[in-house]
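The values are calculated or read from the model by the stated rules, or taken from the named source; none is laboratory data. A quick note: this is a predicted structure, and the numbers were derived from the prediction, not measured. Backbone-built Cβ (ideal geometry, glycine too); neighbour counts: all protein chains shown.
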Amino acid sequence: MLFRWHKTHYRPMAWRNTHDPYRILVSEIMLQQTQVERVREKYAEFLKKFPNIRTLAASPLGDVLRAWSGLGYNRRAKYLHEAAKRIMLYHKGKFPDDIDELLALPSVGISTAAAVSAFAFDRDLPMIDTNVRRILVRVFFKDAIPTDKVLYAFAQLMIPKGKGRAWNYAMLDLGATLCTARNHSKECPMDELHGFVEDFVYKKPQKKFLHSDRFYRGRIVAQLIVGPSTKRNLGKSLGLSAPRIDALLGGLFREKLIIQGKDREQLIHLP
């Protein structure tokens, strides 16, 4: 039923044409909180500069941040860089295929670990993002919203043996096209199973982005991609008070996304 529908509704994407765990991890980290169309643009560019895990691990963080520019949430680039270095150090460059070892990598949660396991290693594990969660709740949990643990175990039982990769892609495409947050189509291949919860929309309230800390952190990194600057100039160009720019820079320093020179000018720049 689901697979039959997916034969004519499959969404082609570059990262779906590979079993390379490195390329799949890159795509999954990019897809965290970034729209698919934007990732399509940056994915090929990023891999051209960092074609394998060895190249990424050996590159300066500043180069990685420059390649990441435009995707937002620069912390993800730092975590991906750290994950590459960890794999080179502890696994001699061989990508771990054990889910617990994947979970030990920076910025890799159960959803990302399951995605790498299913898409790279053909494991029958469910990759449950917001869209897949919504489908499962609408179809099977009419009277109660299950815990993450219950939902994961239930989804794993649904996957036909040896079909983890295909099942996950089908569910992701279903949630992105027919069974969306605002619309439930009667053409849904799982419609006859629906115990549809009319008022259920699984989403976290979005914080206002404009003028938020994340907004200005991104602007700071974007300016430093162009070239080094001083704290005063950064604050002035962004129209921020001294305490606000101090707090923002302090966070970026602690996360080692930026560094400050020890010379007289004390210029701030990327690592």
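Among the residues of segment 47-62, is any farther than 25 Å from residue 88 by Cβ and touching a helix residue (DSSP H, G or I) at 6+ places or on another chain (Cβ under 8 Å)?
So in segment 47-62, the residues farther than 25 Å from residue 88 by Cβ come out as none.
No.
Residue-wise test of (1) more than 27 Å from residue 46 (Cα to Cα); (2) crowded, with 22+ Cβ neighbours inside 10 Å.
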position	(1), (2)
75	no, no
84	no, yes
87	no, yes
99	no, no
106	no, no
115	no, yes
160	yes, no
173	no, no
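For residue 101, state whether it is under 26 Å from residue 226 (Cβ atoms) and not assigned by TED's automatic domain parsing to the domain that holds residue 258.
Considered against the rule, which asks whether it is under 26 Å from residue 226 (Cβ atoms) and not assigned by TED's automatic domain parsing to the domain that holds residue 258, residue 101 comes out as no.
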Checked pairs for segment 258-271, first under 17 Å from residue 62 (Cβ atoms), second aliphatic (A, V, I, L, M) and assigned to a strand (DSSP E or B), C-beta under 6 Å and 6 or more apart or across chains, list as 258/268; 260/268; 271/259
Boolean, residue 253 is surrounded by fewer than 16 Cβ atoms within 10 Å (Cβ to Cβ), at pLDDT 80 or above and in the same structural domain as residue 265 (by TED's automatic domain parsing):
yes
Among the residues of segment 126-162, what is the count of those that are touching a residue at least 40 places away in the same chain (Cβ under 8 Å), assigned to a loop (DSSP other than H, G, I, E, B) and within 24 Å of the chain's Cα centre (by Cα)?
3
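Scan segment 62-99 residue by residue and report those that are outside any helix (DSSP H, G or I) and within 26 Å of residue 220 (Cβ to Cβ).
Looking only at segment 62-99, we keep the residues that are outside any helix (DSSP H, G or I), and these are 69-74, 92-98.
Residues satisfying the conditions are 69, 70, 71, 72, 73, 74.
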